[in-house]
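Participant: So that we are looking at the same thing, I have put the structure below in structure tokens.
The values are calculated or read from the model by the stated rules, or taken from the named source; none is laboratory data. Note that this is a predicted model, so its numbers are computed, not measured. Positions of Cβ are generated from backbone atoms using ideal geometry, with glycine treated the same way; all protein chains shown enter the neighbour counts.
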Amino acid sequence: MSTPLYAIMRFAKYKGPEIRRIEAHNERTKEKYASNPDVDISRSHLNYHLIQARNHYRAEAERQISEAGCRTRSDSVRLVETLITGSPAFFKKKSGKQIREFFEHALDFLKQHQDPETFVSAVVHMDEKTPHMHITFVPLTQDHRLSAKEIIGNRKRLTQWQDDFWKHMVGKYPELERGESASETGREHIPPRIFKAMTRLTKQRHAIEATLESINPFNGKAKAQEISKMLDVYIPGVEQMQTELKKYDAAFAQEEALKQENQALKAKVDEKKRKGLEEQLREARLEHDYREAVDLLRRIPPEILDEYRHPDRRNREVRHSLER
């Protein structure tokens with residue numbers, strides 16, 4: 001039985017400060033991409049634009065909005081990003097020219113449904129595992145209103161987007177199948193980078209757990225300092241994961257903070273938010289791994305947390321060592 005092949009289209013909406021981060025990723029303005037190890041900068045020269053950004057994303061969005069005479073609020077959606085990609089197997093054995101034709105065809109679809117003058121950038125990334133394209137545009141309607149909600153629509157409208165996209169793509173690529181959209185499954189799409197980030201977080205957790213288990217009466221002070229250094233990376237990672245999950249209504253921890261000297265991160269679960277995503281997240285082990293990540297912080301001895309919170313004392317003796 002052959003593997004199904006899909007063309008994939010996803011939307012994301014951005015309001016303000018995060019637009020700079022999206023631009024940095026799409027336009028490859030950073031020297032390193034620690035948050036996304038799949039980016040191979042030695043291959044970044046293979047990336048190319050189908051629409052070249054004329055200005056910084058936020059500046060271009062504000063220019064278009066101003067010229068259209070739109071009023072904005074702090075929570076107004078100023079930019080919509082459309083991710084276009086396909087099943088990895090679809091791109092296998094395709095030449096660079098054929099891959100470009102695929103993305104040009106997909107871009108033509110979006111141009112038929114959104115005024116091309118509102119487009120900010122369309123860039124194809126060839127420096128990650130699967131070729132994909134990021135298209136960004138300002139969500140201005142035909143009558144010059146700023147309304148991402150009207151353009152992208154509700155669940156029914158999103159389903160129509162997917163239907164129309166598949167019909168457009170299958171005309172040129174008959175091997176493609178119609179995928180099941182997030183609106184149909186009732187689950188909002190969680191991008192692969194979130195699962196990759198959780199995998200890295202899990203590896204860090206295992207390293208900390210192994211170090212904790214290796215503590216004995218003779219190495220307590222040294223191990224405390226070693227773990228506190230690991231926490232410099234681990235705790236921000238857990239906090240970042242909480243922030244990311246909130247974007248996808250998967251906020252298992254509504255509130256997390258390091259409390260007093262003898263406490264670690266605590267989580268409160270919002271069951272209502274969690275319901276719609278529970279099946280997918282269970283299958284992906286995301287929920288389990290996130291809980292494990294938070295639970296580890298509860299199990300770290302207060303002496304080590306004390307060491308972590310006072311990095312200036314790391315080269316001194318730990319007041320309450322683990323030697324007892």
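Participant: Got a sec? Which of A7, A53 is part of a loop (DSSP other than H, G, I, E, B) and closer than 25 Å to E150 by Cα?
Facilitator: A53
Participant: Tell me, please, whether a residue that is under 17 Å from T199 (Cα atoms) and either assigned to a helix (DSSP H, G or I) or at pLDDT 65 or above (or both) can be found in segment 256-278.
Facilitator: no
Participant: Which condition does I41 not pass, out of (1) in contact with a helix residue (DSSP H, G or I) (Cβ under 6 Å, 6 or more places away or on another chain); (2) at pLDDT below 90, if it passes all the others?
Facilitator: (1)
Participant: So if I check each of I151, I135, which one is within 30 Å of R63 (Cα to Cα) and touching a Pro at 6+ places or on another chain (Cβ under 6 Å)?
Facilitator: Of I151, I135, the one residue that is within 30 Å of R63 (Cα to Cα) and touching a Pro at 6+ places or on another chain (Cβ under 6 Å) is I151.
Here is a yes/no grid of residues against (1) loosely packed, with under 13 Cβ neighbours inside 10 Å; (2) assigned to a strand (DSSP E or B):
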position	(1), (2)
T72	no, no
E81	no, yes
A89	no, no
E101	no, no
E117	yes, no
S121	no, yes
H134	no, yes
Q142	yes, no
I151	no, no
